[in-house]
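Below: one structure, written as structure tokens.
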Amino acid sequence: MKSRRYLPGLALVAWLAGAQAQATVAPPVPAFAQAPVEVRVPQPPRPTVATDGATHLAYELHVTNFYKDTGTLILRRVSVYADDDAAPLTSFIDAQVNDLLAHPADVARDGVPVEGGGRVVLFLWLDLPAGARPPKVLRHQLEFRPPAGPEQQVDGVLTAVDTTPPIVIGPPLGTGRWLAHEGPGNHLSHHWGSPVANGRVTIPQRYAVDFFGLDGAGHAVRAALDKLTESTNADWAGYGAPVLAVADGVVRDARDGSPDNRPMTSPPSPSELTTRSLMGNFVVLEIAPKVFVSYAHLRPGSLTVKAGDRVKRGAVIGLLGQSGAANAPHLHFQVTDAPTFEESEGLPFVIDRFDYLGREPVSDALDQTTKVSSGPPSARRDQTPLDGDVLEFR
């Protein structure tokens, strides 16, 4: 039997002793019982300014219903407090908690079930008030509905905010217009929403971007929407574009010779979640201590560098292709704290100069019949591209 089952008896003994000393004082009745739950933040958030002008914090809450015999707890509220503030910075209630999952339930429900002995991972993307300084500490309060009895709560789950500035880089691609697909801020994407368990749970792709080339009309491919499976790599606007070193650095790993896939067909299933099983032809560049930039799905035969080479910012290191786990030509780009895909954490980055043209869903980029409108170019400095942004590099 678990030792916690003796707690009610111990509490009764303590109460009887207290009652003898002060019989007229009733014990306080808590508004919530303590939930038998572990809550932790594996990777502290780092503030970054994005193209919407706001400062964001991106991180995950791992919520574990520790004892199997507790039964299913329904997580109904998550509140986040900044430093010592009495009012929450933000709160997520019932159906909003469901929306924090990487795979939300299709039918709206009041909260998220956490089975006894099970874990859920919540993905938080916080918008800080305009002009506000990032908090030093975030406090989390979670409320649960148990199978029976009063509501339960976990309070005081703290995580420090990592005030290290985001990594500043140059453009990863040559001149042209680019769609940032599956980019930062979208936890439903296959990037941020894909934790990797490999000795420990990490998220290498927390801030990863798939860059798709766009033509002057805002389209990624010349083929008709119902003919995409018949398209060739040459039909895609970004195919063969020069891929650039985003900073001075040293090549720590590289591979060439993996063939391109056919567009819009399922690539072979990877045998494991590692750099070599996912990235096809790739380059990993170390640009600072414990800061690594990975470029994936490069065109076979296009790499101009090898492991150990030193490169300068702006140097062409390869060409955009469709090798590895890719079903259309694009550049997969990410910044991490380790050179391998496995056991690395994604790091926030800002691009030091680009023009911002607005936002565009990938469905419009793939449909030649859709008229895509974009605003006048807006020069940006030191900002993180968000999912769906259209950027232009010069």
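The values are calculated or read from the model by the stated rules, or taken from the named source; none is laboratory data. This structure is a prediction, so every number in the text was calculated from the model and none was measured. Every residue, glycine as well, gets a Cβ built from its backbone with ideal geometry; the counts of neighbours run over all protein chains shown. The protein model used for the area step is the full one, side chains on, heavy atoms only, and it has no ligands, DNA or RNA in it. Shrake-Rupley method; radii C 1.70, N 1.55, O 1.52, S 1.80 Å.
Computed quantities for the displayed model
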read-out	value
Positions within the stretch 90-104 being open to solvent by 60 Å² or more (accessible area, probe 1.4 Å) and out of contact with any strand residue (DSSP E or B) (no Cβ under 6 Å at 6 or more places or on another chain), in sequence order	Q96, D99, H103
Spans of strands (runs of 3 or more DSSP E) in the stretch 1-88 with at least 2 residues open to solvent by 20 Å² or more (accessible area, probe 1.4 Å), at pLDDT 95 or above and under 23 Å from V114 (Cα atoms)	37-40, 73-82
Complete set of residues in the stretch 89-117 that are more than 25 Å from H56 (Cα to Cα) and not in a strand (DSSP E or B)	A105, D106, V107, A108, R109, D110, E115, G116, G117
Subset of the stretch 118-144 that is β-branched (V, I, T) and within 18 Å of the chain's Cα centre (by Cα) - its residue that is nearest to D85 (Cα to Cα)	V121
Number of the condition not met by G358 [criteria: (1) under 29 Å from P47 (Cα atoms); (2) open to solvent by less than 10 Å² (accessible area, probe 1.4 Å)]	(2)
Near pairs, Cβ below 6 angstrom, 6+ apart or cross-chain, from the stretch 279-293 (under 22 Å from Q322 (Cα atoms) and part of a strand (DSSP E or B)) to any residue that is open to solvent by 10 Å² or more (accessible area, probe 1.4 Å) and among the hydroxyl-bearing types (S, T, Y)	N281/S258
So R206, is it within 28 Å of the chain's Cα centre (by Cα), open to solvent by less than 20 Å² (accessible area, probe 1.4 Å) and among the basic types (K, R)	yes
Among the candidates P195, P259, P172, P165, residue that is under 24 Å from the mean Cα position of the chain (by Cα), open to solvent by 50 Å² or more (accessible area, probe 1.4 Å) and farther than 30 Å from L75 by Cα	P165
Qualifying residue in the stretch 309-328 (condition: in contact with a Gly (Cβ under 6 Å, 6 or more places away or on another chain), within 19 Å of D215 (Cα to Cα) and of a type outside the set (D, E))	yes
Selection within the stretch 292-347 - open to solvent by 10 Å² or more (accessible area, probe 1.4 Å) and among the small types (G, A, S)	G301, S302, A307, G308, G314, A315, G324, A325, A338
Top-ranked residue of the stretch 262-291 - restricted to ones that are among the basic types (K, R) and closer than 22 Å to S344 by Cβ, ranked as most open to solvent (accessible area, probe 1.4 Å)	K290
Some residue of the stretch 227-238 being open to solvent by 10 Å² or more (accessible area, probe 1.4 Å), under 24 Å from E342 (Cβ atoms) and in contact (Cβ under 8 Å) with a residue 24 or more places away in the chain	no
Any chance D215 is open to solvent by 20 Å² or more (accessible area, probe 1.4 Å), within 29 Å of V305 (Cβ to Cβ) and free of Cβ contacts under 8 Å to residues at least 40 places away in the same chain	yes
Listing of strands (runs of 3 or more DSSP E) fully contained in the stretch 118-236 that carry 3 or more residues being more than 22 Å from G53 (Cβ to Cβ) and in contact with a strand residue (DSSP E or B) (Cβ under 6 Å, 6 or more places away or on another chain)	119-127, 137-145, 152-160, 209-214
Given (1) at negative phi; (2) touching a strand residue (DSSP E or B) at 6+ places or on another chain (Cβ under 9 Å), number of the condition V107 does not satisfy	(2)
Tally of residues being among the hydrophobic types (A, V, I, L, M, F, W, C), in contact with a His (Cβ under 9 Å, 6 or more places away or on another chain) and more than 14 Å from T163 (Cβ to Cβ) across the stretch 36-74	5
Qualifying residue in the stretch 116-125 (condition: surrounded by fewer than 16 Cβ atoms within 10 Å (Cβ to Cβ) and modelled with pLDDT under 95)	no
Cross-chain or 6+ apart pairs with Cβ under 6 Å, the stretch 151-173 first and among the small types (G, A, S), then assigned to a strand (DSSP E or B)	A160/V137
